[in-house]
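Here's the structure, in structure tokens; my notes come after.
Only the coordinates and a few stated rules stand behind these numbers; no lab work does. Everything numeric in this text was worked out from a predicted model, so none of it was measured. A quick note on method: Cβ atoms are made from the backbone with ideal geometry, for glycine too, and the neighbour counts reach across all protein chains shown.
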């Protein structure tokens, strides 16, 4: 039994939400998002809140129940406040800068890496060693942050590379003579 799926999702102030069959639409100050709920899950509006229930008690329906509720909550929070992910760059000569709409990364390669920022995502570089990825779609924000981190992930010996803010790197001890 899903404990998170039982709770109805209340629609925050300033956000208009509608349920049309299996499609949930949310419109707020940051933009508009839609999510199509799986057919094994029933979704409906009740008393200014969105209620998610499984259609039957099959294992498949129950497994998609909590995830569907979380996705509805994410689109409501996204259009209200948005999401952001911070990345830190550490290493001598490693830095980031914006080049028009593209992100330019100097990560110790023979050439700079140019990352084209997708539509709907905002990338800011407040410091040369800090990147802030923000947008209204939580999945897309996380995907863009993961793609940037993938160019040069943190290595375990000196900790150089791109990492999420607050991420702990398990360090290894180097060779001994």
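Data table
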| quantity | calculated |
| --- | --- |
| 51, 7 arranged by Cβ crowding within 10 Å, fewest neighbours leading | 7, 51 |
| Principal axis box of the chain, alpha-carbon based, largest edge first, Å | 65, 42, 23 |
| Alpha-carbon centroids, segment 4-79 and segment 100-163: separation in whole Å | 31 Å |
| Principal-axis tilt of helix 138-151 within the chain, Cα atoms, nearest 10 degrees | 20 degrees |
| Descending semi-axes in Å of segment 62-144, equivalent ellipsoid built from Cα gyration tensor | 31, 13, 11 |
| 0 to 90° range, to nearest 10: angle between helix 59-80 axis and the chain longest Cα axis | 70 degrees |
| Kirkwood hydrodynamic radius of segment 9-80, Cα pairs, Å | 12.1 Å |
